[in-house]
Amino acid sequence: MKLELIAGSCSDAMEISQILEDWRLATNWVPQVHTDAERADYGRWLLEHTTVTILHYDGQSVGFLALEDNIIQSLYIKAGFQRLGFGQATIRYAQEQFNELRLWVFQADNGAQQFYQNLGFEALETSEGQDNDYGLPDIFYRWRLFPD
C-alpha cells in the first residue's frame, strides 16, 4: 500500500466536508443537528482550527486526519477504502508524532472502539454526550507510548 499523507490546505475543505457528510448519511444513529450550510463549512473550520492531513492513495483522497495537538478530532476513511489498512497507517503516523494521543468515540460506534483498542488505546472515561454536538454518549480513549 502506497499511502501518501499530505498536509491539508484550503482547497481540501469541500472534500473534507463531503467525507463527513457521506459518513453522516451512512450512519443512521447520528442525528442531524447542523444545518446544510454548517455541514458544508465543516472542512474549512477543521482546516482553520486543527492540523489536517489528507490521505491519498492511487491519485485520490481516501480520507483525512484532524489533530488538535495530540487530540484526534477526526479520522475518517471513505467507505470504499475502509478495512484496507489506511486508518491503521494513519494512526501509526500520528503515534510517531506524539507520546500520547487522546480522542472521543461514540458509544454506539462499536467498530471505532474495536479499531482503537486494537491499536493500543485504552478507554478511560464515558459521558452521556453532554459535551458533543450530537448529545450522544461517548467514550474517552488514550494511547501512551510509555504506559503507566
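Results, tabulated for the structure shown:
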item	result
Estimated vicinal HN-Hα couplings, Hz - segment 58-63 in sequence order (Karplus 6.51, -1.76, 1.60; Gly, Pro = x)	6, x, 9, 7, 10, x
Candidates Val105, Val30, Val62, ranked by Gaussian network fluctuation over the chain, Cα under 10 Å, top entry	Val30
Ranked His34, His49, criterion: other C-beta atoms within 10 Å, fewest first	His49, His34
Gly129 long-range amide H proximity, modeled H, under 5 Å	Asp138
Shape call, segment 32-72: gyration tensor on alpha carbons, a/c limit 1.5	oblate
Stokes-Einstein diffusion coefficient of the chain, Kirkwood radius over Cα pairs, 4 °C, 1.567 mPa s, in µm²/s	82 µm²/s
Mean residue ellipticity (222 nm) of the chain, computed from DSSP H runs ≥ 4 via -39,500 (n - 2.57), nearest 500	-9500 deg cm²/dmol
GluC sites (Glu not before Pro) restricted to DSSP loop in segment 58-148 with at most 15 other C-beta within 10 Å	Glu128
Contact order normalised by residue count of the chain, Cα under 8 Å, 6+ apart, percent	19 percent
Euclidean distance of C-alpha centroids, segment 5-63 and segment 87-148, integer Å	19 Å
³J(HN,Hα) computed for each position of segment 121-131 - Karplus, 6.51 cos²θ - 1.76 cosθ + 1.60, integer Hz, glycine/proline x	6, 10, 6, 10, 7, 10, 9, 8, x, 5, 10
Counted charge near Ala108, where neighbours are those whose Cβ lies closer than 13 Å (Asp, Glu -1; Lys, Arg +1)	-3
Cut-off under 5 Å, modelled amide H: who pairs with Gly63 long-range	Leu55, Lys78
J(HN,Hα) series, segment 40-57, from Karplus relation 6.51 cos²θ - 1.76 cosθ + 1.60, nearest Hz, glycine and proline x	5, 8, 5, x, 4, 4, 4, 4, 7, 10, 9, 9, 9, 10, 9, 9, 10, 9
Amide H contacts under 5 Å for Gly8, placed H, 5+ residues apart	Val52, Thr53, Ile54
Ranked Trp143, Trp104, criterion: other C-beta atoms within 10 Å, fewest first	Trp104, Trp143
Exposure proxy order (Cβ contacts within 10 Å, fewest to most) of Tyr116, Tyr42	Tyr42, Tyr116
Label point at Gln73 placed 7 Å out along Cα→Cβ; residues across segment 91-109 whose backbone nitrogen lies under 17 Å	94, 101-105
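Read the figures in this text as sums done on the coordinates, not as results from a lab. What you are looking at is a predicted structure, and each value in this text was computed from that prediction instead of being measured. Cβ coordinates were reconstructed from backbone atoms using ideal geometry, including for glycine residues, and neighbour counts include every protein chain displayed.
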